[in-house]
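Everything below concerns the one structure shown next.
The values are calculated or read from the model by the stated rules, or taken from the named source; none is laboratory data. Remember, predicted model here, so these are calculated numbers, not experimental data. A quick note on method: Cβ atoms are made from the backbone with ideal geometry, for glycine too, and the neighbour counts reach across all protein chains shown. These accessible areas exclude ligands, DNA and RNA; they are computed on the full protein's heavy atoms, side chains included. Shrake-Rupley method; radii C 1.70, N 1.55, O 1.52, S 1.80 Å.
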Amino acid sequence: MSTAKKVFRVNDLNVQIDSCETELAQNVAEIAQNYLQDVLQQNGNAAVLLATGNSQIKFLDALIALGGIDWSQVTCFHLDEYLGISADHSASFRRYLWERFHKRVNLKEFHYIEGDTLEPILECDRYSKLLQAQPIDLCCLGVGENGHIAFNDPSVASFQDPYSVKLVKLDQANHQQQVKQGHFPSLEAVPKYAFTVTIPTICSAKKILCLAPGKHKAEIVKQILQGDINIECPASILRKQPQATLFLDEDSATLIRSEGVERWTV
């Protein structure tokens, strides 16, 4: 049972504040577990779109520890991958998901974006067809410090994107975040391009759980919830998604609390 400190809505977006990242991860894991159990009971199978990054680590651990999900009936996808790095590269999202999730559960299948493909355009097409072949039941997200979801940075984001997957050039803020989080030793080492699932495809998921814990996310959380809904902050599109919930901890909610969260409470 959720022990959320506060639950409210901003436009169509549900928002939940927990006391700390550990509590947040546990609560989101329980929500995901219950939802996937219901989907599997109703449909016999499920499709899940997973994120990577530091915000997902405790959540994935908690979800696996809970058990109670027949993973053999679940097909997984992931949101993004760097162009030009192998699956065994220390910063590869394929490696992250294999080590932190895939090898620990008995999945039906995990469709990976092949970041080291020799034909990137064909890889976009291949992965798009896989995503389009079935509805996405659950999408798990993080939020970048520049407001990106997946690798939809402000410079390349589109709320009406005609593509399901595309190749994009990463912006400077994204490069800096990857280095700051320890994924690469220097800005020069960060790949210049990456594959990303697009915003309309993310928003097509039947349920979206977006985790944004930590004091370093406070400023972008304020922009998501109190700024305009536009591509300058791609994650602001979540305010038009009634199937989405943004999960915060006290640190990431600091700036919005100071400006009167009570007016949104439901």
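Taking all protein chains into account, the per residue accessible area for the chain stands at 43 Å² (1.4 Å probe).
For segment 49-96, what is the convex hull volume of the alpha-carbon atoms per residue, in Å³? Please list the in-between numbers first.
Details: hull volume 4.4 nm³, N = 48.
Hull volume over Cα atoms, normalised by residue count, gives 92 Å³.
Listed peptides 50-63, 182-195 appear in the order 50-63, 182-195 once ranked by packing, highest mean of other Cβ atoms within 10 Å at the front. Can you tell me what share of the DSSP beta bridges in the chain is antiparallel? A percent to the nearest 5 is fine. About 40 percent, rounded to the nearest 5.
Legend: P(r) of the chain from all alpha carbon pair distances, 10 Å bins from 0, whole percents, reading 7, 32, 38, 21, 2, 0.
Using the alpha carbons alone, the radius of gyration of segment 78-224 stands to its Kirkwood radius in an Rg to Rh ratio of 0.93. The protection proxy used here, the mean number of other Cβ atoms lying within 10 Å of each residue, ranks peptides 196-202, 43-49 as follows, highest first: 196-202, 43-49. For the listed residue pairs Lys129/Lys217; Lys58/Lys215; Lys108/Lys192; Lys108/Lys169; Lys169/Lys207; Lys108/Lys217, the alpha carbons are over 23 angstrom apart in Lys129/Lys217; Lys108/Lys192; Lys108/Lys169; Lys169/Lys207; Lys108/Lys217.
Taking the Cβ-Cβ separation of Lys206 and Asn230 as r and a Förster radius of 25 Å, what is the calculated FRET efficiency to the nearest 0.05? Could you put the intermediate results ahead of the total?
Values: r = 25 Å, r/R0 = 1.00.
It comes out at approximately 0.50.
In this simple spin-label model, placing a label point 7 Å from the Cα along the Cα-to-Cβ direction at both Gln176 and Asp125 gives a separation of 3.9 nm. Computed from the C-beta positions of Asn106 and Ser158 and an R0 of 30 Å, the FRET efficiency is 0.20 to the nearest 0.05.
Rounded if a/c is under 1.5, else prolate if a/b beats b/c, else oblate: with a ≥ b ≥ c from the C-alpha gyration tensor eigenvalues square-rooted, which is segment 48-135? Oblate, since a/c reaches 1.5 and b/c is not below a/b. Within segment 1-82, antiparallel bridges make up roughly 50 percent of the DSSP beta bridges whose residues both belong there.
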